[in-house]
Amino acid sequence: MTVKPVQTLSATDVTKAYEVLKPIVSHTPLQYCAYLSQKYDCNVYLKREDLQAVRSFKIRGAYYAISKTPAETRKRGVVCASAGNHAQGVAWTSAKMNIPATIFMPTTTPRQKIDQVKFFGGDNVTIKLVGDAFDAANTAALEFCESHHQTFIAPFNDLNTMAGQGSLAVEVFDDLKQDNKTADILFAAVGGGGLLSGISTYTKFASPTTSVVGVEPAGATSMAEAFAVGHPVAISEMDKFVDGAAVQKVGTLTYATCQEYVDRLIQVPEGLVSTTILDLYTKLAIVAEPAGALSVAALETYKDHLVGKNVVCVISGGNNDINRMAEIEERALIYQGLQHYFVVNFPQRAGALKTFVNAVLNPDDDITKFEYTKKVNSGMGPVLIGIRLGDAKNLGQLLARLHDFDPKYINLQKNQMLYRMLV
């Protein structure tokens, strides 16, 4: 039996999508960034998809995929499963086209995201909360489509969705051409692969010498796993912190297209993503969500290859829940080696904390957490203590003195189960 090859996207597909979307979505700016250019000794340009109407590139794929659905079918309604930007793109499009949309979201979806979908979709949108995870919501959405004869709008594994996402690359290279510039390297986030497949397809048509680099969070490397084994495969473990790019299994269509056009995949630690989010906010007043910051975080990982180059980073989204900022700061401090947590046995006597401070801490260290309950009839008691170093280089000295204070102390960074339970 002959196996039919998987269809890949073409530059013509992307160009057609661009023409449809041109009067609909924002032509987002390609901004030269003096701060990042100076930091990495190159010319960095930021493609600001966080400035779209729904603050994400997802509006492109959602609108184009829905527009390609026959009008009569479209009137019956469209369906999607998403806990984030794709849902907002579908909701916005449903209001724009005045068609019904049913959006399935996990019951664990934050209220802020549910409210945003309602805001963009208005009376056109019905939200159904199903299951504790995306897979359950997705299954329910597909079943609903079949029973109600409506159209499922895929978040990434669909040629029309991919073409719509790729339309932003047309803008990038048109803007560069107007300024008589070229791009040596283009960085873009990859989750399910819709954005990266669309961008890479058009990039290799418009500028074959431009290197396309897909950036994954280190805790969700489903495209890298697919590249390694030669086909999409479900990863066994996944860190969902970079929620916009945390996909368990990439699509067959996105994989085939990325395999053909993407030059390299790199992985970025979630702590570096957190550091980048804070850096973008404090230095540039850009509010980027974790997936939106991936491409900029990659500059640090890739810095040895950037000197003198023209570099484009796609800031893919800015839907960052303000309630996550404490977690983002925490991850950044841990990644930088400044924040540490320990369980330490303290003598149950007056002045024990003062002894610890004087004997263990460096002069510029700070205690950020201290939890202790006195034990009856015991000479020692365990304390949960958080320490923020003034200088990460002083960790070795701190650990040596901590060992002298309590040889049996527990470093919670080395025991993630205890860390998640106690911190």
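Scanning the stretch 287-343 for residues that are open to solvent by 50 Å² or more (accessible area, probe 1.4 Å), within 14 Å of residue 241 (Cα to Cα) and among the acidic types (Asp, Glu) gives 327, 329. Of the candidates 342, 370, the single residue that is of a type in the set (Phe, Trp, Tyr) and touching a residue at least 24 places away in the same chain (Cβ under 8 Å) is 342.
Let's see how each residue does on (1) over 23 Å from the mean Cα position of the chain (by Cα); (2) outside any helix (DSSP H, G or I):
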site	(1), (2)
122	yes, no
126	yes, yes
131	no, yes
141	yes, no
146	yes, no
157	no, yes
163	no, no
168	no, no
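Taken together, 276, 301, 368, 373 contain a single residue that is of a type in the set (Val, Ile, Thr) and out of contact with any strand residue (DSSP E or B) (no Cβ under 8 Å at 6 or more places or on another chain), which is 276.
Go through the residues of the stretch 88-98 one by one and say whether even a single one is touching a strand residue (DSSP E or B) at 6+ places or on another chain (Cβ under 6 Å), in a helix (DSSP H, G or I) and at pLDDT below 95. So far as the stretch 88-98 goes, no, none of its residues is touching a strand residue (DSSP E or B) at 6+ places or on another chain (Cβ under 6 Å), in a helix (DSSP H, G or I) and at pLDDT below 95.
In the stretch 49-60, the qualifying residues are those that are out of contact with any Leu (no Cβ under 8 Å at 6 or more places or on another chain) and assigned to a helix (DSSP H, G or I), and the one that is nearest to residue 315 (Cα to Cα) is 50. Whenever a residue of the stretch 93-110 is within 24 Å of residue 136 (Cα to Cα), its partners that are acidic (Asp, Glu), lying with C-beta atoms within less than 7 angstrom and at least six residues away or across chains, give the pairs 106/132; 107/132; 108/132; 110/321.
Among the residues of the stretch 252-264, not a single one is under 18 Å from the mean Cα position of the chain (by Cα), modelled with pLDDT of 95 or more, of a type in the set (Asp, Glu) and surrounded by fewer than 24 Cβ atoms within 10 Å (Cβ to Cβ).
Restricting 220, 245, 224 to those that are of a type in the set (Gly, Ala, Ser), in contact with a strand residue (DSSP E or B) (Cβ under 8 Å, 6 or more places away or on another chain) and crowded, with 20+ Cβ neighbours inside 10 Å reduces the list to 245.
Go through the residues of the stretch 20-34 one by one and say whether even a single one is of a type in the set (Ser, Thr, Tyr), touching a residue at least 12 places away in the same chain (Cβ under 8 Å) and within 27 Å of residue 105 (Cα to Cα). Yes, the stretch 20-34 has at least one match. Scanning the stretch 261-315 for residues that are in contact (Cβ under 8 Å) with a residue 24 or more places away in the chain, out of contact with any helix residue (DSSP H, G or I) (no Cβ under 6 Å at 6 or more places or on another chain) and aromatic (Phe, Trp, Tyr) turns up just one, 302. The residue that is farthest from the chain's Cα centre (by Cα), counting only those in the stretch 227-242 that are open to solvent by less than 70 Å² (accessible area, probe 1.4 Å) and farther than 17 Å from residue 290 by Cβ, is 230. Taking helices (runs of 4 or more DSSP H) as the structural unit, those lying wholly within the stretch 314-423 and holding at least 1 residues that are within 28 Å of the chain's Cα centre (by Cα) correspond to 325-335, 416-422.
In a residue-by-residue description of the stretch 74-84, the property of being open to solvent by 60 Å² or more (accessible area, probe 1.4 Å), closer than 30 Å to residue 146 by Cα and touching a strand residue (DSSP E or B) at 6+ places or on another chain (Cβ under 9 Å) applies to at least one position.
The values are calculated or read from the model by the stated rules, or taken from the named source; none is laboratory data. Just so we're clear, the structure is a prediction, and the values are computed from it rather than from any experiment. Because the Cβ atoms are built from the backbone with ideal geometry, glycine has one as well, and the counts that use them run over all protein chains shown. Heads up: the accessible areas ignore ligands, DNA and RNA and are worked out on the full protein's heavy atoms, side chains in. Shrake-Rupley method; radii C 1.70, N 1.55, O 1.52, S 1.80 Å.
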